[in-house]
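Some notes on the structure that comes next.
The values are calculated or read from the model by the stated rules, or taken from the named source; none is laboratory data. Here the structure is a predicted model, which means the values were calculated and not measured. Using ideal geometry, Cβ is built from the backbone for each residue, glycine included, and neighbour counts are taken over all protein chains shown. In case anyone asks, the SASA skips ligands and DNA or RNA and just uses the protein heavy atoms, side chains included. Shrake-Rupley method; radii C 1.70, N 1.55, O 1.52, S 1.80 Å.
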Amino acid sequence: MHDVMRGPGTMAIHLIHGVGPPHDVERGAYFGDTVAIDDLVTEEPDAGARAVGRAQGTYMLGSQHEEVLAVAVTVVLTAGPYNGSTFSVAGHVGVYDDKAEAAVVGGTGRLRRAAGYLTWRMVELV
């Protein structure tokens, strides 16, 4: 999932700017910050990797004390045997966690009634 918030190829926008003391002064992250996404999903973290879908939804900085995202995203698959199917993800993802889990809470098409979990880790590409 490529979450580009600035510059060419922007795929995420800030909908709500939170208030209070920033959790991360350098990045200006505030409790309540909410972002809408239409992120490219690829097979590998590299932006040049094969596209397999789009991740569409929102995430919000959902803690007053740490950088934790409350995530509500639907992944729309656009390639391979699951082309046209979706699965929905909800969860609590720590921005700086090496690896976090989020719940798969449903799906459509060939993934109808999907359930389980996925692992999520943040990778900053430059």
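Some points to look at:
- Distance between modelled label sites at Ala90 and Thr78, nm, 7 Å Cα→Cβ extension: 2.7
- Between amide H atoms placed 1.01 Å from N, distances below 5 Å from Gly107 occur with Ser88, Arg113, Ala114, all of them 5 or more places distant or on a separate chain.
- In this label model, Val105 and Ala70 are separated by 1.1 nm, measuring between points 7 Å along each Cα→Cβ vector.
- Taking all protein chains together and rolling a 1.4 Å probe, His14 ends up with roughly 70 Å² accessible.
- Result for the chain in a Gaussian network model with C-alpha springs under 10 Å: among Thr42, Thr86, Thr58, the largest mean-square fluctuation is at Thr42.
- Within the accessible area of the chain (1.4 Å probe), percent carbon and sulfur: 54
- Where the stretch 60-100 is the region considered: accessible area per residue in Å², 1.4 Å probe: 52
- Hull shadow area, averaged, the stretch 15-126 [alpha-carbon convex hull, nm²]: 7.4
- Probe 1.4 Å - accessible area at Met11, Å² to nearest ten: 40
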